[in-house]
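S.K.: Please find one structure pasted underneath; my questions will follow.
The values are calculated or read from the model by the stated rules, or taken from the named source; none is laboratory data. Keep in mind that what you see is a predicted model, and the values were worked out from it rather than measured. Note that we place each Cβ from the backbone using ideal geometry, even for glycine, and neighbour counts take in every protein chain shown.
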Amino acid sequence: MQIIREIENYRSDGKPLYLALGNFDGLHKGHQKLMQELVATAKSGCGVAAALIFDPHPMKVLYPQKEMKLLVTPETKAELLAGLGLDLLIYSTFSTQIARLSPEEFVSGILVGRLAVKAVFVGFNYSFGFKGAGTPEMLADFGKQYGFATHIIPPVKHQGEVISSTCIRQSIESGDIELARQLLGYLPMVEGLVIEGEKRGRQIGFPTANLGVDPDLVIPGKGVYAAWARIEDKIIKAVVNIGSKPTFHPDFPVVVEAHLLDYNEDLYGKNLRLYFTAKLRDEHKFKSVEALVEQIRLDRDQAALTLEDFDQHAHAFTF
């Protein structure tokens, strides 16, 4: 998949452009349905299956005072899109100038004037233009006027509820890993560089890799989790603690630290991705270090069993 930064750098290769519009945070099952229809239609039309995504997320530009966590980084989103068969991803900077475009100015200036789209694909609740005034139905009308097709993808539901990135964020933050997996279609993940911590885990016999996670990313709620750890090309069983270390500190920032089972290599400075499979327990304050160590042993054993049972579903790392 080719990645282009900024719309101005797009150059047509002569093939018709079939374009998905949206942010697609997390690439959940609803997004996957849209991408599958996009790719199939582009292939049948001998065209290019592409997506235009504004970065940073428009909400972060328009409402900077509101905290908004994301499910994946732009780099991981690109990786997921490539896995869905996309040919081209255009990341374009979202600015107040873009935000001020009317719906028709967005269509005529960007979709038609710069990209010359053959067809566009949007979700049922897609909005565009100044103050989000543009609707999918309005986009379809513009399509008839300017000569491109519009495909509006209906909602995908889970147990009667529309799948959304917001619902997935809430499930991850509450520690409901299974629900998040069902909505995403793959295991929820967190990644970051391994950084130096207090090295307390090493002192008590359970060395941990401390992740420097992007503060814009959603992380599971406080507790202990079973997870698969991906380091370079290796997949390793892990037990992950997310919390503020109440046994040792009255007040401490929330950290993500993973103890990798049967793995002793140096991880500092390497990128580590954690695929969460289940929450094992809530965070607790222990009366003694000995009690904590005993619980960590139990957590490690429970994680190993949980992951052993989950091994048959290892394909859920991705689509």
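S.K.: Is it true that Phe148 is out of contact with any Lys or Arg (no Cβ under 9 Å at 6 or more places or on another chain), buried (at least 20 other Cβ atoms within 10 Å of the Cβ) and of a type in the set (Phe, Trp, Tyr)?
M.R.: Spelling it out, it is not the case that Phe148 is out of contact with any Lys or Arg (no Cβ under 9 Å at 6 or more places or on another chain), buried (at least 20 other Cβ atoms within 10 Å of the Cβ) and of a type in the set (Phe, Trp, Tyr).
S.K.: Considering segment 113-136 alone, what residues qualify as being within 18 Å of Tyr18 (Cα to Cα) and either among the hydroxyl-bearing types (Ser, Thr, Tyr) or without any contact (Cβ under 8 Å) to a residue 60 or more places away in the chain (or both)?
M.R.: Within segment 113-136, Gly113, Phe124, Tyr126, Pro136 meet the criteria.
S.K.: Are there any pairs, at least 6 apart or on different chains, whose C-beta atoms fall under 6 Å, with the first in segment 1-27 and more than 14 Å from Leu52 (Cα to Cα) and the second of a type in the set (Lys, Arg) and surrounded by 15 or more Cβ atoms within 10 Å (Cβ to Cβ), and if so, which?
M.R.: Pro16/Lys118
S.K.: May I ask you to verify whether Thr73 is in contact (Cβ under 8 Å) with a residue 40 or more places away in the chain and either surrounded by fewer than 21 Cβ atoms within 10 Å (Cβ to Cβ) or in contact with a Phe, Trp or Tyr (Cβ under 9 Å, 6 or more places away or on another chain) (or both)?
M.R.: Answer is yes for this residue.
S.K.: Only residues that are under 28 Å from the mean Cα position of the chain (by Cα), more than 21 Å from Glu37 (Cα to Cα) and surrounded by fewer than 18 Cβ atoms within 10 Å (Cβ to Cβ): list them for segment 111-145, please.
M.R.: Within segment 111-145, Phe130, Lys131, Gly132, Ala133 meet the criteria.
S.K.: How many residues are at pLDDT below 90 and of a type in the set (Asp, Glu) if we restrict to segment 56-108?
M.R.: Selection size over segment 56-108: 1.
S.K.: From the list Ile219, Ile153, Ile195, Ile172, exactly one residue is touching a strand residue (DSSP E or B) at 6+ places or on another chain (Cβ under 6 Å), under 30 Å from Leu292 (Cβ atoms), crowded, with 18+ Cβ neighbours inside 10 Å and not hydroxyl-bearing (Ser, Thr, Tyr). Which is it?
M.R.: On the way: Ile153 fails: under 30 Å from Leu292 (Cβ atoms); Ile195 fails: crowded, with 18+ Cβ neighbours inside 10 Å; Ile172 fails: touching a strand residue (DSSP E or B) at 6+ places or on another chain (Cβ under 6 Å).
Ile219 is the lone residue from the list that is touching a strand residue (DSSP E or B) at 6+ places or on another chain (Cβ under 6 Å), under 30 Å from Leu292 (Cβ atoms), crowded, with 18+ Cβ neighbours inside 10 Å and not hydroxyl-bearing (Ser, Thr, Tyr).
Listed here are the residues, each with its yes/no results for (1) outside any loop (DSSP other than H, G, I, E, B); (2) of a type in the set (A, V, I, L, M); (3) more than 23 Å from Ser108 (Cβ to Cβ).
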| position | (1), (2), (3) |
| --- | --- |
| Ile3 | yes, yes, yes |
| Glu8 | yes, no, no |
| Arg11 | no, no, no |
| Gly14 | no, no, no |
| Leu19 | yes, yes, no |
| Leu27 | no, yes, yes |
| Ala42 | yes, yes, no |
| Ala51 | yes, yes, no |
| Glu67 | no, no, yes |
